[in-house]
Amino acid sequence: MIRKVAAAAALLALFGVGSVQAQAPNWEKIRIGVEGNYPPFSKMNPDGSFEGFDIDIAKAICAEIKAECTLINQEWDGMMPALNAKKFDMIVASMSITDERKKVADFSDSYYDIPSTFVGKAGSFKDVSPAGLKGKTIVVTRNTPRAKYLEANYKDSTILQVAKEPEVTMELAAGRGDIGFGSSLAATAAFLKSPEGKGYARLGAPISLGGAKDGGGVGIAMRKGEDSLRTKVNAAIKAITHNGTYKKINDKYFDVNIRGE
């Protein structure tokens, strides 16, 4: 009888009919997709290491979860396909939470929220409304809420879409665009304060495209159905917010609070 029970258990294991709990990941090891070309949020150094706000947040979350984490560099356009192909388990790459993205991935609670802004030569445009930018070329990062916003509202402008956020200001400096539309904080930190940004300024008032309080903001993407991981990540975001870790990371890179709460 004992042999029969053992044999039955072996068959159940073979055909995957065992305990769901036994099969579920314990998340002691987590692979994280990052984009190493979006300072000050993420940057890949010549030695292959990463630094930046997103990188420090990812490491803080891993420490809180007590997980061993591996950072994997990924081009922005391939982020979601790579996540769902299981190249990594979650994305920490300043990814805005949108209804479209929620169709293919689950998101954590927002961990920061920054409005968008137009950037151009100082004094070049006093009116950045759709009427004021009629016939002008606006540079924006593709596959972002900012690109969708321009397509929906600036129909009489030419929308020049580029692959990465730093390319927005690169195109402006090269004379291939009249005005750029990007993250207000990234533009300030990575361009306006740099030598290349001399003579440029933010134009018009910041524009919110759906903040954390409205279910938007920036979150951490995970594969659909990975509820145990999402629960751990959300708990970690709350913990580092309340124990002072988040503030230390924030203050290392920015002179304003970007938490969005």
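The values are calculated or read from the model by the stated rules, or taken from the named source; none is laboratory data. Source: prediction; values computed, not measured. Every residue, glycine as well, gets a Cβ built from its backbone with ideal geometry; the counts of neighbours run over all protein chains shown.
Any residue at all in the stretch 147-157 that's within 23 Å of residue 36 (Cβ to Cβ) and either modelled with pLDDT under 95 or part of a helix (DSSP H, G or I) (or both)? Scanning the stretch 147-157, I find at least one residue that is within 23 Å of residue 36 (Cβ to Cβ) and either modelled with pLDDT under 95 or part of a helix (DSSP H, G or I) (or both), so the answer is yes.
For residues that are more than 17 Å from the chain's Cα centre (by Cα) and either in a loop (DSSP other than H, G, I, E, B) or surrounded by 16 or more Cβ atoms within 10 Å (Cβ to Cβ) (or both), tally how many sit in the stretch 242-253.
3
Of a type in the set (Asp, Glu), at pLDDT below 90 and more than 21 Å from the chain's Cα centre (by Cα): does that describe residue 196? Answer is yes for this residue.
Suppose the filter is surrounded by fewer than 22 Cβ atoms within 10 Å (Cβ to Cβ), within 16 Å of residue 228 (Cα to Cα) and touching a residue at least 24 places away in the same chain (Cβ under 8 Å); does residue 101 pass it? Here the answer is no, as residue 101 does not meet what is asked.
With the checklist (1) buried (at least 22 other Cβ atoms within 10 Å of the Cβ); (2) in contact with a strand residue (DSSP E or B) (Cβ under 6 Å, 6 or more places away or on another chain); (3) of a type in the set (A, V, I, L, M, F, W, C) in hand, flag the one item residue 125 doesn't pass. Residue 125 satisfies all of (1) buried (at least 22 other Cβ atoms within 10 Å of the Cβ); (2) in contact with a strand residue (DSSP E or B) (Cβ under 6 Å, 6 or more places away or on another chain); (3) of a type in the set (A, V, I, L, M, F, W, C) except (1).
Residues in the stretch 204-235 that are farther than 24 Å from residue 259 by Cβ and modelled with pLDDT of 95 or more: 223, 224, 225, 226, 227, 228.
For the stretch 39-114, the strands (runs of 3 or more DSSP E) that sit wholly inside it and include 1 or more residues that are over 16 Å from the mean Cα position of the chain (by Cα) and in the same structural domain as residue 246 (by TED's automatic domain parsing) are 68-73. Total residues in the stretch 134-146 satisfying the condition of being more than 15 Å from residue 115 (Cα to Cα) and either at pLDDT below 90 or in contact with a Pro (Cβ under 7 Å, 6 or more places away or on another chain) (or both): the figure is 1.
Tell me yes or no: at least one residue of the stretch 160-175 is loosely packed, with under 15 Cβ neighbours inside 10 Å, in contact with a Lys or Arg (Cβ under 6 Å, 6 or more places away or on another chain) and outside any strand (DSSP E or B). No, every residue in the stretch 160-175 fails to be loosely packed, with under 15 Cβ neighbours inside 10 Å, in contact with a Lys or Arg (Cβ under 6 Å, 6 or more places away or on another chain) and outside any strand (DSSP E or B).
Which one of these does residue 1 not meet: (1) farther than 15 Å from residue 221 by Cα; (2) touching a Phe, Trp or Tyr at 6+ places or on another chain (Cβ under 9 Å); (3) at pLDDT below 95? Condition not satisfied by residue 1: (2).
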